[in-house]
Each structure stands twice: as C-alpha cells, then as structure tokens.
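The values are calculated or read from the model by the stated rules, or taken from the named source; none is laboratory data. Predicted model only: the values in this text are computed from it and were never measured. Using ideal geometry, Cβ is built from the backbone for each residue, glycine included, and neighbour counts are taken over all protein chains shown.
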Amino acid sequence: MTDTIIIDAPEHFNNREISWLRFNKRVLEEAVDEQNPLLERLRFIGIFSNNLDEFFMVRVAGLKDQFRAGFNRPDNKSGLTALQQLEAISKEAHPLVKQQQHYYHDLKEQLAKENIHIGSIDKLSKKESKWLEQHFEQVIYPVLTPLAIDAYRPFPLLQNLSLNIAVTLHHPDDSDKLLTAIVQVPALLDRFVKIKNKHHYLLLEDVIRYYINRLFDGYVVEDTICFRITRNADMNIHEEGSRDLLKEIEKELKKRRWGLAVRLEIMGEKGAHNPHLINFLKYVLEVSSDDLYYHDGPLDFTFLLNVYTQLKQTFEHLVFQTLIPQPPKEVEPMVNIFDQLRRKDIMLHHPYESFEVIVDMVEQAAIDPHVLAIKQTLYRVSGDSPIVNCLKLAAENGKQVTVLVELKARFDEANNVQWAKALEKAGCHVIYGITGLKTHSKITLIVRRQQERIERFVHLSTGNYNDQTAKFYTDLSILSSRRELGIDATLFFNFLSGYTFKPDFNYLSMAPYQIQDDFIHYIAKEIQYHEQHGDGHIICKMNALTDKPLILKLYEASNKGVKIDLIVRGICCLKPGLKGISENITVTSIVGRFLEHSRIYYFHHHGEKKVFLASCDMMTRNMVKRIELLFPVLDRRHKKRVLDLLEIQLVDNQKARYQKSDGFYVYKERVEGEQAMSSQLIFFDLAYQSTLH
C-alpha cells in the first residue's frame, strides 16, 4: 500500500518573506558578477540596501504588529506564526548584511585601482586635511545640533531611516560619570564629501565623528556610535470613515516618520562599542537583540546610488554600455497613430522599444480637435511626468479628462497626492478608486469623433505610465481600436467612477472578481487537453507567485503531467521538482540589468495557444485586494512574438537562476560549447536589428 501524498502541506511551500530575502540575495549577487562593470556592481549594493529598507519598513513591521497583537495564526502556506517568521527572517537577513559588507570592501579595493577612493580621512595630505577642516567649520558644523540626554532633556524622537551618532563623554573632573548625547547626521547635506578636484569621497558621518570634540568643548569624548533606525512605515488608512481620502493620506504620511522601531543598525563590529550605550539604545528604541544589525562599514548603502550617478559620465568604461530604446518596429514614423490603429493592433516591448510612442499618443490626443475624452489610470508616475503634463494640456484644451490616481501606491503616496492636486487644478476629473482596493490596472481610453462616428482607442499595459522606469523596467503593452476592447474600456472606467455592478466584458477580465477564477479555469482546461492529447504546456511570467489556490492548481496540473515553466523574478511560494507534487514544474528567475516586470500567461490548449498579458501577478493581494486587468493577445503576429520572447528567456544562461526543490536558487549551468544567451541583450539586439529593415 503506497502512502498518500498530502499536497497542501507546509513543507511544500516556500515562506513568502524568506523567498523575498532570497530574491534580494540574487540582487546582491549581481555585485560580484564580473559580467557587470565595476560601478554597476556598486549600484547593485545600493539597490539591495534600498530593497531591504522597504522590506523591514513594511513586511517585518507588519509581522511585528501581528505578534504584539497576539495574532498567532500560522501563515496559510508555510505554517509559520508571525514570531516564527520573524526568527527565520533574522536568521536569513543577518548573514546577508555581512555578505553585503564583504562585497562592498572588495569593490572598494577594485575602485581604488581606478583612482576612485571611498574612505579614510587618515590618508589625506596636509593640504587636503586643511581643506576638510575648513569645510567642516563652514558647511557642516553650523548645521549640527548636539542633543544632551538627561533628566531634563529626554531621548529625542528620531525619524525613520535617519542616521545618528550616539556619543558617550565625561567631564574632565569626573571620568566615572558617563554622559550621553545624540548628534543627528543632517539629511539635507550630501551624504558624501568630495575632496576637491579628486575622486576621493568621505562619508559625512565619518567627518562629523572625526571632529566630534568640537561639539562638546570642555568634555572628553569616550566613544561614538553611528546608528540608524528603521521604523514601521506601513500606512493605516481608515478609508471607510474618511470623508476625504486625500487629506487622510496626507495625515498618515506625516505619521510614517515616527512609527515603532523595527530595526537598529550599528556601525562597527559586535563588541567594538561600549555595551552600556548599545543597551541604552535598545532600551529607548524598544528593540530586541535580533533587531540589531552590526555593520563592519557604512550604514545605508543607498548613498552608492548617488556615487554611481556622479561618476558614470567620467568613468564610462565602468558602467553598462548605453542602450538606446529603439523606435518600435510596428509603428510607422510620420503616420498618425490613430490612422495606424484603425488598420492593426500595435504591440510595444519596453525598454527595448521606446516609451515615447505612448507619450506622443496622449499628447496627440490632447491637441487633436476631434478627441472628445481621455480616461487613464495612474499608479506610479515620474517626478516630472510628461504623461501628466499631456493630460493637463488636454483638460485646458476642453477635452473631458478623467484620471484615476492611486493615492495608496506604496512610497509614492506623496508624489501622487501632488499630481492629483495639479490635475484637478488643470480641470481634470480626478478619482481615487474604490474603497478598500488599490487600482493597479494600467489602461488608457481615448474617445474620438470621426465624421459623426465615435471611435475608441485603447492602451493596455503590464507596466506603469512612468517614462523614467520605462527605461529599465521590462513591460509589454498593446494599442488597439478594436470595438469590443473600446466598449470594455468604457465599462471599466464607468465602474471605477460611478455606481455600477461588475461589468460583463467582451475581452477583459478584472480582479478581484474574476481573474483568479479565470486562471483556475484555464489551468483546468489545460489538464483536460493534456489528458486527451498529451501536449499540455503552461508558461507564466510574473514578478511574484504567492496565491495558494493557484499554486495548488498548478501542483494538480503538474501531477497530471502538464509541463509548466514559470519565470518568476521575485517571491515564489511554489516549490518545483517535488516528487509526486511538482515534478513537471520549473521555476526560473532572471535578475539583471533591467527589472523584469512584464506579466505573461500562456496556455497551450492543444494548439489554440491562449496568450494573456496582465497588470497583476499571481499574488493573493492582486487577486483579492486590487483592481487589476487581464487582457488577451488577439493578433496572431503578437502571439508568436510573445511566445518567442518566453522561449528566449527560458534558455537564458547568463542572468537566469533556477529554483531547486529546497527553495534555494543556483545559476543555470552552460553546457560545454553552448552559446552564451542573455535574454535582455538579445531583446535589445532584436529591437535594433528591426530598425535596419
């Protein structure tokens, strides 16, 4: 008698948070990949650091809230409670931070060979030391404020992600009585001090510590500790009781700086500082030993992103070769975009093909006297968004412009609040979506009158209307004048702005009402086709995979013999290669120069080849907490193009890692004599070659 395998068991799933940390580890590994130029490798350390900050501010903070509230229900996949997840995160994250420091010190040595120095004040010449002293006195010293800690002056409330220096000192006549003070490293000053006429950089906190005695004249400084706190920055928005969501979010943004501490970072190895001062910081910030992260080097490596920006033009040989987005091969130059769309659908692949086509289309609509209305969803846009400027121009030209601005786009809330106000002032109708749901879909509808006939043009995308991220996020989008898509877009925007039940679409599928059910239906149909014909194949490309019902359905399909190839950049709670569960599933993660952002879902269906693009990943939040759109690729040429794209990514042997059955990732090994295949570079080459024909 054989044992029955229970598929829905904790050991068959990766924990969401640990899977994310392993994704960020893959980001960090780019810092030691010698295929990447030196400054690019340095930049990946900064990206890793920025990612980790957000992880602690949101995910770790949320788990700590659950633990404090006594919420002990296990995670529905890995079976871990909030406390167990926090312990697992600590165990995984501490070695990563040590690895980051190790990589940084190694890269510093390599930068020195290029005559780029980050570091020591002791190595300055007399002339340079004199300049630094003057710079401190004239620029840095006037901004500093030493804060004594005593009965009359309590420990200050320090902002989230702020850098601070804790000082222990004593009076010359009483060395036994230790005093404590805090000096905040000013956020408004550049984090690094550039020695005049040289590529020699000193960290601001190191300069302050070097001259710290000048802030405490007459006292003896015993020790200084540079530290950084990370606070809970997740926003608790009470939408139901709020009469004005805009004001509610502005209020919550002010609170974000002062949430409970979730991490304390200390510059210096464990044991290098006065333990009484460390214990004092732990006490006043209410953090545990597991929340302490010691750094054998600088804190907050996001400063490397600015170093990269300053150096990349001077040291062109140390950065990636510039790859210019090409004119899309499907777009005819100097031909009106609306005339083109009447004849055919157009597909765009960013950043390999230029995002300017989208900007130009919205701008053309803004000045076209025949355009009556423009409707668009905005989730994340750039600081000086040409799309927003076009929408404002359209409103000023008398078009009816309706814009859904998602105010709850995490860490873009302040930016989106400002855009919402600016759009309203320009005369646009600004809406904020549906209570309790984020609007994450990416869609534009342009309504135009052509000889007494109304025509509609639709743009649907996997990515945001952000001209800056479009330069390094990979996304796919479709432009169309198909009547049914135009009707669907109209129904969708009416649903968002008014009072209507969920629309019955021709082509579109919408979350939270339908997409999860549709995915389950398509997987079930693939199982049926495979049982009949033996040719079942599913390929899904996404940013993350966490939704349990969909994972279980994929496990079922694998058990029935369906071949499943998953391309998942980040979190993946599914474990491939488990005997009797997921033997027919592969999971590939591509982390490289560009951020893989497109969402593609392919079901073979015995040659019918259903291909979909979407704004959503197979994540629970996308399925039940967000307004998302799934849309089919209808043009036969485009289907082939998307399938070719997927096949190229599946044979990537340069930037692709595959997940083993234990949840860890390893690089794909090249067989001897096998050609090097970097999918992102292949796509750029294809875009470039298309312009030559």
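Side notes on the structure shown:
- Among the criteria (1) in a loop (DSSP other than H, G, I, E, B); (2) within 25 Å of THR435 (Cβ to Cβ); (3) modelled with pLDDT of 95 or more, the one ASP504 does not fulfil is (3).
- Residue satisfying all of: in segment 178-218; β-branched (Val, Ile, Thr) and assigned to a strand (DSSP E or B); nearest to TYR141 (Cα to Cα) among these: VAL183
Residues checked against (1) assigned to a helix (DSSP H, G or I); (2) closer than 23 Å to ARG448 by Cα; (3) without any contact (Cβ under 8 Å) to a residue 12 or more places away in the chain:
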{"position": "ASP360", "(1), (2), (3)": "yes, yes, no"}
{"position": "ALA366", "(1), (2), (3)": "yes, yes, no"}
{"position": "PRO369", "(1), (2), (3)": "no, yes, yes"}
{"position": "ALA395", "(1), (2), (3)": "yes, yes, no"}
{"position": "LEU404", "(1), (2), (3)": "no, yes, no"}
{"position": "LEU407", "(1), (2), (3)": "no, no, no"}
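- Some residue of segment 409-416 being surrounded by fewer than 22 Cβ atoms within 10 Å (Cβ to Cβ) and touching a strand residue (DSSP E or B) at 6+ places or on another chain (Cβ under 6 Å): yes
- Across segment 533-557, the number of residues qualifying as among the aliphatic types (A, V, I, L, M), touching a Lys or Arg at 6+ places or on another chain (Cβ under 8 Å) and closer than 12 Å to ILE585 by Cα comes to 2.
- Top-ranked residue in segment 191-216 [being modelled with pLDDT of 90 or more and of a type in the set (Lys, Arg); ranked as nearest to LYS108 (Cα to Cα)]: ARG191
This table checks each residue for (1) more than 30 Å from GLU30 (Cα to Cα); (2) buried (at least 20 other Cβ atoms within 10 Å of the Cβ).
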site	(1), (2)
ARG621	no, no
LYS625	yes, no
LYS640	yes, no
GLN649	no, yes
SER661	no, no
LYS668	no, no
GLU674	no, no
SER679	no, yes
LEU686	no, no
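- Count - residues of segment 567-600 that are more than 19 Å from GLN35 (Cα to Cα), under 20 Å from the mean Cα position of the chain (by Cα) and not β-branched (Val, Ile, Thr): 7
- For segment 521-566, filtered to residues that are among the hydrophobic types (A, V, I, L, M, F, W, C) and touching a Leu at 6+ places or on another chain (Cβ under 7 Å), the residue that is farthest from ILE18 (Cα to Cα) is ILE523.
A quick yes/no check of all residues on (1) surrounded by fewer than 23 Cβ atoms within 10 Å (Cβ to Cβ); (2) of a type in the set (A, V, I, L, M):
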residue: VAL568; (1), (2): no, yes
residue: SER589; (1), (2): yes, no
residue: ARG593; (1), (2): yes, no
residue: ILE600; (1), (2): yes, yes
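- Of the strands (runs of 3 or more DSSP E) lying entirely inside segment 562-652, those containing at least 1 residues that are without any contact (Cβ under 8 Å) to a residue 60 or more places away in the chain, assigned by TED's automatic domain parsing to the domain that holds HIS521 and of a type in the set (Lys, Arg) are 563-568.
- Members of segment 542-561 that are in a loop (DSSP other than H, G, I, E, B) and either basic (Lys, Arg) or not assigned by TED's automatic domain parsing to the domain that holds VAL611 (or both): LYS560
- Long-range neighbours under 7 Å by Cβ, at least six apart or interchain, first residue among the charged types (D, E, K, R) within segment 1-22, second crowded, with 20+ Cβ neighbours inside 10 Å and modelled with pLDDT of 95 or more: ARG16/THR546; ARG16/ILE571; ARG16/CYS573; GLU17/GLN85; GLU17/ILE89; ARG22/TYR665
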